[in-house]
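Below: one structure, written as structure tokens.
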Amino acid sequence: MTFMQNTVTAIVIDDDKDLRAVFCECLETIGVKVVGEGHNGKKAVELYQQKKPDVVFLDLMMPEYDGFYALENIRKINANSKIVIVTAHLAERDVTKMDSLKPTKIFYKPFDIDHVKKLLDELEEQTPIVRPDRYHVALVSFVIYDTLKKISESTLNEVGSRLCAKHNCYFSDCLEHPEYLRDVLKEIFGDGCRPIMDTINKELANVAEQKQISNFLVVLNG
């Protein structure tokens, strides 16, 4: 498995505690680090915001908040999130819902370790998990910091505080999660966030063709 060169992180959401424990153990044996577990869709969204996992393994039928709730709301946080539905079966009405929400993969129970390995290999082939390098992390972090500080110290502090409180995110995380920065800027400034984004675009113009920066800017401006 190629992407095991970097440790893949996952959260596992299923209201069956015993089955969840077995699945987590299965993931750990093939090198996937399970960073969170939950029993319903609301917990899935909270864990995704807190842990920022590479992959979400998500049951559909759960009490209070089901898998559809989690799938829809995690997609709002990150449209490119990898969400694998783990289910025993899909009713016809569920298939219709699924078509609009577009999970990364549907994985049917029961499972074995070979099926899980194959699934993760397929995910890697579809969209490789790319770790941001330190240079690009530092560059984007500095540009955000400098842009906000030039507006005012209070603006810098307000954006930083909201990133941390709402998304458990710092400026150094924004290269990997530009949607968080976009969300906070729009929340604070509304339509007035456009000049801030334009400044960030301008400051990164010289490296805008590099893939990590390009991806950051596409999501930020989306």
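The values are calculated or read from the model by the stated rules, or taken from the named source; none is laboratory data. Since the model is a prediction, treat every value here as computed from it, not as a measurement. In this analysis, Cβ positions are derived from the backbone assuming ideal geometry, glycine residues included, and neighbour counts consider all displayed protein chains.
Residues considered: Y69, Y48, Y65. Of these, the only one that is surrounded by 15 or more Cβ atoms within 10 Å (Cβ to Cβ), assigned to a loop (DSSP other than H, G, I, E, B) and of a type in the set (S, T, Y) is Y65.
Rundown of residues vs (1) under 14 Å from V137 (Cα atoms); (2) surrounded by fewer than 20 Cβ atoms within 10 Å (Cβ to Cβ); (3) modelled with pLDDT of 90 or more; (4) not basic (K, R), yes/no style:
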position	(1), (2), (3), (4)
F171	yes, no, yes, yes
I188	no, yes, yes, yes
R194	no, yes, yes, no
V218	no, yes, no, yes
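Residues checked against (1) touching an Asp or Glu at 6+ places or on another chain (Cβ under 9 Å); (2) surrounded by 12 or more Cβ atoms within 10 Å (Cβ to Cβ); (3) of a type outside the set (D, E, K, R); (4) under 18 Å from N78 (Cβ atoms):
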{"residue": "V143", "(1), (2), (3), (4)": "yes, yes, yes, no"}
{"residue": "L163", "(1), (2), (3), (4)": "yes, yes, yes, yes"}
{"residue": "Y180", "(1), (2), (3), (4)": "yes, yes, yes, yes"}
{"residue": "L185", "(1), (2), (3), (4)": "no, yes, yes, yes"}
{"residue": "A205", "(1), (2), (3), (4)": "no, no, yes, no"}
{"residue": "Q210", "(1), (2), (3), (4)": "no, yes, yes, no"}
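At least 2 residues being basic (K, R) is the threshold, and among the helices (runs of 4 or more DSSP H) wholly inside the stretch 133-222 those reaching it are 134-151, 153-167, 178-189, 194-203. Of the residues contained in the stretch 82-95, none is found to be assigned to a loop (DSSP other than H, G, I, E, B), in contact with an Asp or Glu (Cβ under 8 Å, 6 or more places away or on another chain) and modelled with pLDDT under 85.
Name the residues in the stretch 11-45 that are surrounded by 18 or more Cβ atoms within 10 Å (Cβ to Cβ), modelled with pLDDT under 90 and of a type in the set (A, V, I, L, M), would you? Those that are surrounded by 18 or more Cβ atoms within 10 Å (Cβ to Cβ), modelled with pLDDT under 90 and of a type in the set (A, V, I, L, M): L27, V32. Of E203, E179, all but one fail to be under 18 Å from P53 (Cα atoms) and in contact (Cβ under 8 Å) with a residue 60 or more places away in the chain; the exception is E179.
Taking residues in the stretch 66-85 that are among the acidic types (D, E), and partners anywhere that are surrounded by 17 or more Cβ atoms within 10 Å (Cβ to Cβ), the pairs with Cβ atoms closer than 9 Å and at least 6 places apart or on different chains are D66/N40; D66/G41; D66/D59; D66/L60; E72/G41. Within the stretch 51-62, the set of residues being part of a loop (DSSP other than H, G, I, E, B) and either of a type in the set (A, V, I, L, M) or farther than 17 Å from L119 by Cβ (or both) comprises K52, L60, M61, M62.
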